[in-house]
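Down below is the structure, laid out as structure tokens.
The values are calculated or read from the model by the stated rules, or taken from the named source; none is laboratory data. Small disclaimer: the values here were computed from a predicted structure and weren't measured. So basically every Cβ, Gly included, is an ideal-geometry build from the backbone, and we count neighbours across all protein chains shown. When the accessible area is computed, the model is the full protein with side chains, heavy atoms only, and any ligands, DNA or RNA have been set aside. Shrake-Rupley method; radii C 1.70, N 1.55, O 1.52, S 1.80 Å.
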Amino acid sequence: MMSYRTFFGLAKEPFAADLELDAIMTTAELLGVQERLEYAVRLGAIALVTGEVGAGKSTALRWSCGQLHPSRFKILWITASAGSILEIYRQLLAELDINTASSSRAVLTRLIRAQIKNLVTTKKQQPVMIIDEASLLRLDVFAELHTITQFEADSKPWLPIILAGQNNLADNLLYRTAVPLASRIVARSHLPAVDLPGMRDYIIHHLTIAGLANSPFDEQAVTAIHQGSGGLFRKANHLARGALIAAAAEKSQAVSAEHVRLADSELF
Ligand SMILES: Nc1ncnc2c1ncn2[C@@H]1O[C@H](COP(=O)(O)OP(=O)(O)OP(=O)(O)O)[C@@H](O)[C@H]1O
Ligand SMILES: [Mg+2]
């Protein structure tokens, strides 16, 4: 059977997750994230990015970090887990190119702080800590995080942090142990589900970067993807790709709402 990519003349896998930076669609929301990220970085403070699963948080962060000049900024990218602060430290040590056999919290804190100070004062590089999936962080970890961000009696805002996660992240930061950290938040972006025109643009964008000038999706198909995904990009990717496969299987050059429904019945 002819592959659906050949059938539609797609130069590459459409609706992919591993987009190059220049293939990311620069929506108003994306620019809003970038603006707030840069504001928090300038102040050495904290910014929050919230949104539903698959709304585009990690992509927005990746793009925004890509706009920071690599010689002036050092991105420390952490993917949070429900583990202890040691789990964060382990990733931070790797990002800071620190080798150590120690697992003493006190030692690790000292090493991390010394390296951050060295970056800022000697290497003239601004570290930017990104914590993706921060909604998974335990409450005690928020309190610990605060201590590595304090320099010279809190007079030096050397380590800006961007926390990204699902909507409960904002609630978690209201707990008492998170208050010292939360008090440094200066900006928040929320990535909403997109509306129907936004979803239409999104689909066309992905088809274009996969090498297809004319969209095979009819208007009802776009509406079905919008409804079926709740306006969330990752689910839309699965529906749109699945619908292309379903249409190709029927040798139909037009993708209809029925193809989207077929795709949806194969997902959960
Ligand atoms: N601005 C964009 N331009 C093009 N594609 C995008 C954009 N934002 C998101 N996507 C697509 O949507 C997918 C999901 O986005 P992303 O992984 O950033 O969501 P998320 O909010 O971080 O999800 P999760 O809550 O699961 O971490 C990406 O893999 C990509 O294919
Ligand atoms: Mg993500």
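With charges only on Cβ, +1 for K and R and -1 for D and E, what is the dipole size of region 28-191 about its Cα centre, in debye, rounded to 20?
540
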(message) With θ taken as phi - 60° and the coefficients 6.51, -1.76 and 1.60, list the Karplus ³J(HN,Hα) couplings across region 98-103 in order, rounded to whole Hz; mark glycine and proline as x.
(response) 9, 9, 8, 9, 5, 10
(message) Please compute the Kirkwood hydrodynamic radius over region 210-259, one decimal place, Å, based on all pairs of different Cα atoms.
(response) 10.8
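On a 1.4 Å probe surface of the protein chains, which of 144, 266 comes out largest in accessible area, and what is the full order?
266, 144
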(request) Amide H neighbours of residue 74 under 5 Å, at least 5 residues apart or on other chains, H built in the peptide plane: list them. (result) 126, 128
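Please list 233, 15 in order of solvent-accessible area, largest first, computed with a 1.4 Å probe with all protein chains present.
Numbers: 233 40, 15 5 Å².
If we order 233, 15 from most to least accessible, we get 233, 15.
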(message) To test your reading of the geometry: what angle, between 0 and 90 degrees and rounded to tens, separates the Cα axis of helix 57-66 from the longest principal axis of the chain?
(response) 70
(request) List, in order, the whole-Hz ³J(HN,Hα) value for each residue of region 255-266 obtained from phi through the Karplus relation with A = 6.51, B = -1.76, C = 1.60 and θ = phi - 60°; use x for Gly and Pro. (result) 9, 10, 4, 5, 5, 5, 5, 4, 4, 5, 6, 9
(request) Apply the Kirkwood formula to the chain: the hydrodynamic radius equals the inverse of the mean of 1/r over all pairs of different alpha-carbon atoms; give it in Å with one decimal. (result) 20.3
(message) Compute the helix-to-body angle for 139-148: its Cα long axis versus the longest principal axis of the chain, expressed 0 to 90° and rounded to tens.
(response) 60
(message) Tell me the per residue accessible area of the chain using a 1.4 Å probe; a whole number in Å² is fine.
(response) 49
(request) Find the lysine pairs in the chain meeting two conditions, Cα atoms under 23 Å apart and a separation of 8 or more places or different chains, and report how many there are. (result) 11
(message) For a quick check, take a GNM of the chain with Cα springs below 10 Å and name the residue from 153, 164, 40 with the largest mean-square fluctuation.
(response) 153
(request) With only Lys, Arg, Asp and Glu charged, each at its Cβ (+1 for the first two, -1 for the last two), find how big the charge dipole of region 207-264 is about the Cα centre; round to the nearest 20 debye. (result) 240
(request) Write out the trypsin sites (Lys or Arg not before Pro) in region 164-268 meeting two conditions: DSSP loop, and at most 15 other Cβ atoms within 10 Å of their Cβ. (result) 251
(request) For region 7-48, state which GluC sites (Glu not before Pro) are in a DSSP loop and have at most 11 other beta carbons lying within 10 Å of their beta carbon. (result) 20
(message) Rounded to the nearest 10 Å², what accessible area does residue 25 have for a 1.4 Å probe in the complete protein model?
(response) 40
(message) Once ligands and nucleic acids are excluded and a 1.4 Å probe is used, how much of residue 69 is accessible, expressed in Å² to the nearest 10?
(response) 110
(request) Could you point to the residue in 182, 147, 122 farthest towards the positive end of the chain's charge dipole, with +1 and -1 charges on the Cβ of Lys/Arg and Asp/Glu respectively? (result) 122
